[in-house]
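Just so it is clear, none of the values below were taken in a lab; they were calculated from the coordinates. None of these values were measured; they are calculated from a predicted model. All Cβ positions, glycine included, derive from the backbone under ideal geometry; neighbour counts span all protein chains shown.
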């Protein structure tokens, strides 16, 4: 539990914003054990969530994590900068969290082919059911074909220009040799 961490122990931090990465911090102190502020209308004598403030060192930087749930070993944590973190004081639990994220991503990748086929089938149905969608799809296909043709023409034109330049250079060289 976070409240039981002592100086020198490790804190595992998973950054979920941007590029997924982790850090291992060394605890400096765990202070200020307190009850979370009660919400209006809460029933008295119900055990409230306890919080602690954690100070740790990551590399050469000091890190302050206020209001971490004291009685957990892993928690989703949002610091004031809005970043999404996972904090854990237990390596096995931290590894389990990473495995869970990896499994979720693998499942999403596996569904890519299915989702692509769903999109394709939905477009086919819309073409049949909605003449305006069909016309829009035809225009879209025509534009793609025209772009491809323009690209081919551009490539052909560049090749012709290169060949013309070579021919003119040869003729120029031949004239200078004869004179």
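Residue-normalised convex hull volume from the C-alpha trace of region 115-163: 70 Å³ per residue.
If you run the Gaussian network model on the chain, springs between alpha carbon atoms under 10 Å, then out of 69, 79, 131 the most flexible one is 131.
Counting alpha carbon pairs within less than 8 Å and at least 6 residues apart, what relative contact order, in whole percent, applies to the chain? Before the final figure, lay out each step's value.
On the way: 205 pairs, mean separation 29.6, N = 179.
This gives 17 percent for the chain.
Relative to the compact-globule estimate of 2.2 N^0.38 Å, the Cα radius of gyration of region 49-145 comes out at 1.94.
Between residue 55 and residue 100, take the C-beta separation as r, use R0 = 35 Å, and let me know the FRET efficiency to the nearest 0.05. The partial results should precede the final answer.
On the way: r = 28 Å, r/R0 = 0.81.
The calculated FRET efficiency here is 0.80.
Which residues does a label at residue 176 reach in region 142-166, if reach means a backbone N under 15 Å from a point 7 Å past the Cα toward the Cβ? Flagged as within label range: 166.
Give me the base-10 log of I(q)/I(0) for the chain at each q in 0.13 Å⁻¹, Debye formula, one uniform scatterer per Cα, rounded to two decimals. With no solvent term, the Cα-only Debye profile gives -0.83. Measure off 7 Å from each Cα along the Cα-to-Cβ vector at residue 81 and residue 147, then give the distance between these two points in nanometres to one decimal. Going by the 7 Å Cα→Cβ label model, 3.8 nm.
Divide by every residue of the chain the summed helix terms, -39500 (n - 2.57) for each DSSP H run of at least 4, and state the resulting mean residue ellipticity at 222 nm, rounded to the nearest 500 deg cm²/dmol. Don't jump to the answer; show the numbers that get you there.
Working: 3 runs with 86 residues, N = 179.
Computed ellipticity for the chain at 222 nm equals -17500 deg cm²/dmol.
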